[in-house]
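Following: one structure in structure tokens, then a few remarks.
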Amino acid sequence: MRVKETKLKGCFALEPKVFEDNRGYFFESFNQNNFNKLIGQNISFIQDNESFSSKGVLRGLHYQRGEFAQAKLVRVIKGKVLDIALDIRKDSETFGQYVSLELSEENKNQLFIPRGFAHGFIVLSDTAIFSYKCDNFYNKEAEAGIIFNDKNLNIDWQLNESDFIVSEKDLILPKLEKAIL
């Protein structure tokens, strides 16, 4: 597996080694020892989540606050998404900056998003199955988010906003400057 730290400290793009032949393919999607060694941290994932969405569905930008903050390892099983990690660590040199990475069933790439980041994605294919590991359990009282179209963030979601399908809950999220971090 190849690992490259993004411009945001602690956030890593991972590219697995895929073995293909006339039968199909095989790759190791996760190995705890190798993962921790490659990113130089000791992360223990305790919860796996999966979502199915149609083209234009935008989920995010979400995060968990305080002791319930979560690091995530995300990937796409079927389809293609544009994945966004937004640095919301107040003491970070890259506070308010984001990285975007196309994740798909073809490239099998993954993104590690450390605690202190908001996360979201938009589905670029007809449908997508999105999977992520978390290092902390979900807690409803700690959930928070930032509106996807905050002009100060200037995120290019690669689709026209008129084609977005966004939940009622995500449509009322605050801008970064008003978010409770």
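The values are calculated or read from the model by the stated rules, or taken from the named source; none is laboratory data. Because the structure is predicted, anything quoted here is derived from the model rather than measured. Every residue, glycine as well, gets a Cβ built from its backbone with ideal geometry; the counts of neighbours run over all protein chains shown.
Total residues in region 102-153 satisfying the condition of being in contact with an Asp or Glu (Cβ under 9 Å, 6 or more places away or on another chain), farther than 22 Å from Leu38 by Cα and not β-branched (Val, Ile, Thr): the figure is 14. Considering the conditions (1) under 24 Å from Lys78 (Cβ atoms); (2) buried (at least 17 other Cβ atoms within 10 Å of the Cβ); (3) not aliphatic (A, V, I, L, M), Asp150 is excluded by exactly one of them, (1). Picking from residues in region 1-17 that are modelled with pLDDT of 95 or more and hydrophobic (A, V, I, L, M, F, W, C), the one that is surrounded by the fewest Cβ atoms within 10 Å (Cβ to Cβ) is Ala13.
For residues that are under 17 Å from Ile113 (Cα atoms) and under 14 Å from the mean Cα position of the chain (by Cα), scanning just region 50-68, find the one that is surrounded by the fewest Cβ atoms within 10 Å (Cβ to Cβ). Working first, answer last.
Quick first cut of region 50-68, residues under 17 Å from Ile113 (Cα atoms) only: 50, 59-68.
Applying the additional criterion that residues be under 14 Å from the mean Cα position of the chain (by Cα) yields 50, 59-64.
Values: Glu50: 9, Arg59: 20, Gly60: 24, Leu61: 27, His62: 17, Tyr63: 25, Gln64: 21.
Step by step, filter region 50-68, then rank; the result is Glu50.
Here is the figure for region 1-30: residues that are touching a Lys or Arg at 6+ places or on another chain (Cβ under 8 Å) and in contact (Cβ under 8 Å) with a residue 60 or more places away in the chain total 9.
Applying a threshold of 6 Å to beta carbon distances and a minimum spacing of six or more residues, or different chains, the list of pairs starting in region 106-129 at a residue that is in contact (Cβ under 8 Å) with a residue 40 or more places away in the chain and under 22 Å from Asn160 (Cβ atoms) and ending at one that is hydroxyl-bearing (Ser, Thr, Tyr) and surrounded by fewer than 21 Cβ atoms within 10 Å (Cβ to Cβ) reads Val123/Ser53; Thr127/Ser54; Ala128/Ser53.
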